[in-house]
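Enquirer: The structure under discussion is supplied below as structure tokens; questions concerning it will follow.
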Amino acid sequence: MKSKLFLILFLSAIATFAQRIPESIDSKKLNGTRDFTVVLPSNYESSPEKKYPVLVVLDGEYLLSPFEGILKFGNYWDDLPEMIIVSIPQNYGETRYLDSEFDEGGFPSGTGASFFEFIGIELLPYVEKKYRTQPFRIIAGHDTTAGFLNSYLYKDNPVFNGYISLSPEFAYDMEKRVPERLALITKPIFYYQAMAEGDKDEFKEKALVLTQNAKAIPNAKFKFASEEIIGTTHYSVVANAIPSALYFMFDGYAPISMVEFQTKIVKLDKGYTQYLIDKYTNLQEKLGIDIKPRLTDFKAIEAAILKNKAYPELQELSKYAEKNYPKTTLSIYHQALYYEKMGEFKKATKEYKKAFTKEEIRELTKDFMISRSEDLKNKEDKSKVEEYAEPAPVEEGEKKEGE
């Protein structure tokens with residue numbers, strides 16, 4: 001299994017290698033030039049209107065390829081969004097330790113404070129000015145740099161939304177301060193921590209304290225996950241944890257699966273269309289990802305509505321389709337299907353014919369829509385509208401029938 005994972009990472013990294021762009025900044029904060037690499041999604045040039053979340057990868061020499069590979073794999077199946085990766089190499093001389101310098105009180109100091117400001121004040125603005133980005137940023141690191149990235153949570157308005165901490169080595173009191181800050185920060189924060197079974201006990205103990213303190217926070221507004229990955233070493237934990245971290249960060253991004261359909265959606269009493277609306281609203285509000293609802297998700301919601309005979313919700317689905325695919329036959333189809341299922345065949349016939357004025361979308365061709373219209377044109381109406389009508393609310397003081 002592990003060999004297959006590494007093969008996927010290797011091949012995926014090769015496939016995207018041409019998108020790697022070497023960059024450098026003449027940094028005032030660092031008093032010198034700092035090199036880094038920007039990795040653009042494979043569709044960046046062909047989708048000029050699209051914007052992307054940003055992933056800053058510390059320890060870029062060895063963390064870039066596994067992150068790049070898993071993202072490429074997830075992109076292929078549309079399980080993970082495309083991202084702009086900013087990779088910072090630090091493994092030369094004492095660089096990674098100087099970049100992560102803390103004082104005795106556990107706060108960035110000296111060269112660590114300079115590197116902290118370099119990322120927030122120089123690097124991110126440079127990347128966001130030059131490339132098309134969305135306002136959702138993740139930072140990832142391993143051991144020393146994993147500890148360092150936590151310091152961004154010490155700010156009232158952290159520049160990062162997501163934190164991927166792999167086998168962290170904490171500064172003084174960090175395991176207590178991070179949960180305290182998570183309890184106070186109002187913006188959506190996503191925090192993933194992984195430890196290896198083979199990590200030092202002192203590292204694991206502090207990670208456990210952070211986990212316990214974070215999970216004890218009532219009414220938490222942040223999303224938190226922490227795990228110890230059995231059978232891994234301090235280094236092999238990286239390849240095992242990265243997929244978990246990314247799928248945790250972007251939970252809800254993937255198209256509606258058969259498991260989600262069967263265990264969540266079809267079991268609802270109502271609100272099938274609202275489920276779809278909420279899915280994409282949450283992606284926009286919490287992750288800053290603005291994408292059109294997938295057509296496969298429309299089909300899943302349609303299937304749930306039909307299975308539960310919640311036909312009036314087809315009208316809501318039609319309105320949502322009109323909002324997102326206004327030039328296509330999708331909205332007409334759902335409205336016509338509503339009339340058909342409600343036994344109002346004359347209205348359904350007229351609605352299906354409106355397809356002539358719209359663009360075809362997937363299987364909803366003009367021929368298909370006209371064929372549906374022809375099949376219904378001689379059927380007598382058998383309206384079920386009254387059957388599905390909600391009972392009028394009882395006015396205060398009135399008695400219900402039979403009382």
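Enquirer: Counting just the residues of region 97-128 that are of a type in the set (D, E, K, R) and over 19 Å from ILE138 (Cα atoms), which one comes out surrounded by the fewest Cβ atoms within 10 Å (Cβ to Cβ)? Outline the logic, then answer.
Expert: Here is the first cut: in region 97-128, the ones of a type in the set (D, E, K, R) are 99, 101, 103-104, 117, 122, 128.
Now drop any that are not over 19 Å from ILE138 (Cα atoms), which leaves 101, 103-104.
On the way: GLU101: 18, ASP103: 13, GLU104: 8.
So, considering only residues that are of a type in the set (D, E, K, R) and over 19 Å from ILE138 (Cα atoms), the one surrounded by the fewest Cβ atoms within 10 Å (Cβ to Cβ) is GLU104.
Enquirer: Something else: When the residues of region 34-77 are filtered to those that are charged (D, E, K, R), touching a residue at least 40 places away in the same chain (Cβ under 8 Å) and not in a loop (DSSP other than H, G, I, E, B), which remaining residue is surrounded by the most Cβ atoms within 10 Å (Cβ to Cβ)? Even if it seems obvious, please write down each step before you answer.
Expert: First, the residues of region 34-77 that are charged (D, E, K, R): 34-35, 45, 49-51, 59, 61, 68, 72.
Cutting the leftovers down to touching a residue at least 40 places away in the same chain (Cβ under 8 Å) gives us 34-35, 50-51, 59, 68, 72.
Those still in the list that are not in a loop (DSSP other than H, G, I, E, B) too: 34-35, 68, 72.
On the way: ARG34: 20, ASP35: 12, GLU68: 26, LYS72: 23.
If we take residues in region 34-77 being charged (D, E, K, R), touching a residue at least 40 places away in the same chain (Cβ under 8 Å) and not in a loop (DSSP other than H, G, I, E, B), then GLU68 is surrounded by the most Cβ atoms within 10 Å (Cβ to Cβ).
Enquirer: Can I ask one more? Please work out if PHE136 is within 22 Å of the chain's Cα centre (by Cα) and aromatic (Phe, Trp, Tyr).
Expert: Numbers: within 22 Å of the chain's Cα centre (by Cα): yes; aromatic (Phe, Trp, Tyr): yes.
So PHE136 fits the description; yes.
Enquirer: Next question, about the same structure. Take the residues in region 359-376 that are loosely packed, with under 14 Cβ neighbours inside 10 Å and of a type outside the set (Gly, Ala, Ser), then tell me which one is farthest from LYS327 (Cα to Cα).
Expert: First, pick out the residues of region 359-376 that are loosely packed, with under 14 Cβ neighbours inside 10 Å: 359, 362-363, 365, 367, 371, 374.
From what is left, the residues that are of a type outside the set (Gly, Ala, Ser) are 359, 362-363, 365, 367, 374.
Values: GLU359: 6, ARG362: 13, GLU363: 15, THR365: 13, ASP367: 17, GLU374: 23 Å.
Looking at the filtered set, the residue picked out is GLU374.
Enquirer: Look at region 381-398 and say how many of its residues are modelled with pLDDT of 65 or more and of a type outside the set (A, V, I, L, M). Even if it seems obvious, please write down each step before you answer.
Expert: Looking only at region 381-398, we keep the residues that are modelled with pLDDT of 65 or more, and these are 381-390.
From what is left, the residues that are of a type outside the set (A, V, I, L, M) are 381-384, 386-388, 390.
So the count comes out to 8.
Enquirer: Further question on the same structure: Are any residues in region 112-132 in contact (Cβ under 8 Å) with a residue 40 or more places away in the chain and touching a helix residue (DSSP H, G or I) at 6+ places or on another chain (Cβ under 7 Å), and if so, which ones?
Expert: Of everything in region 112-132, just one residue is in contact (Cβ under 8 Å) with a residue 40 or more places away in the chain and touching a helix residue (DSSP H, G or I) at 6+ places or on another chain (Cβ under 7 Å), namely PHE115.
Enquirer: On to the next question. I'd like to know if region 287-300 contains one or more residues that are in contact with a strand residue (DSSP E or B) (Cβ under 6 Å, 6 or more places away or on another chain) and under 30 Å from ILE85 (Cα atoms).
Expert: Just the residues of region 287-300 that are in contact with a strand residue (DSSP E or B) (Cβ under 6 Å, 6 or more places away or on another chain), to begin with: 287-288.
Next, only the ones that are under 30 Å from ILE85 (Cα atoms) stay: 287-288.
Checking region 287-300: at least one residue is in contact with a strand residue (DSSP E or B) (Cβ under 6 Å, 6 or more places away or on another chain) and under 30 Å from ILE85 (Cα atoms).
Enquirer: Under 7 Å between Cβ atoms, which residue pairs at least 6 apart in sequence (or on different chains) link something in region 335-364 that is in the same structural domain as GLN315 (by TED's automatic domain parsing) with a partner that is of a type in the set (Phe, Trp, Tyr) and part of a loop (DSSP other than H, G, I, E, B)?
Expert: These pairs meet every condition: TYR338/TYR311; LYS341/TYR311; MET342/TYR311; ILE361/TYR325.
Enquirer: Same structure again: Against the definition (in contact with a Gly (Cβ under 6 Å, 6 or more places away or on another chain), touching a residue at least 12 places away in the same chain (Cβ under 8 Å) and small (Gly, Ala, Ser)), how does ALA220 come out, yes or no? It would help to see each step written out before you state the result.
Expert: On the way: in contact with a Gly (Cβ under 6 Å, 6 or more places away or on another chain): no; touching a residue at least 12 places away in the same chain (Cβ under 8 Å): yes; small (Gly, Ala, Ser): yes.
So ALA220 does not fit the description; no.
The values are calculated or read from the model by the stated rules, or taken from the named source; none is laboratory data. Given the structure is predicted, the values throughout are model-derived calculations rather than measurements. Cβ sites come from the backbone with ideal geometry, for glycine too, and all protein chains shown count toward neighbours.
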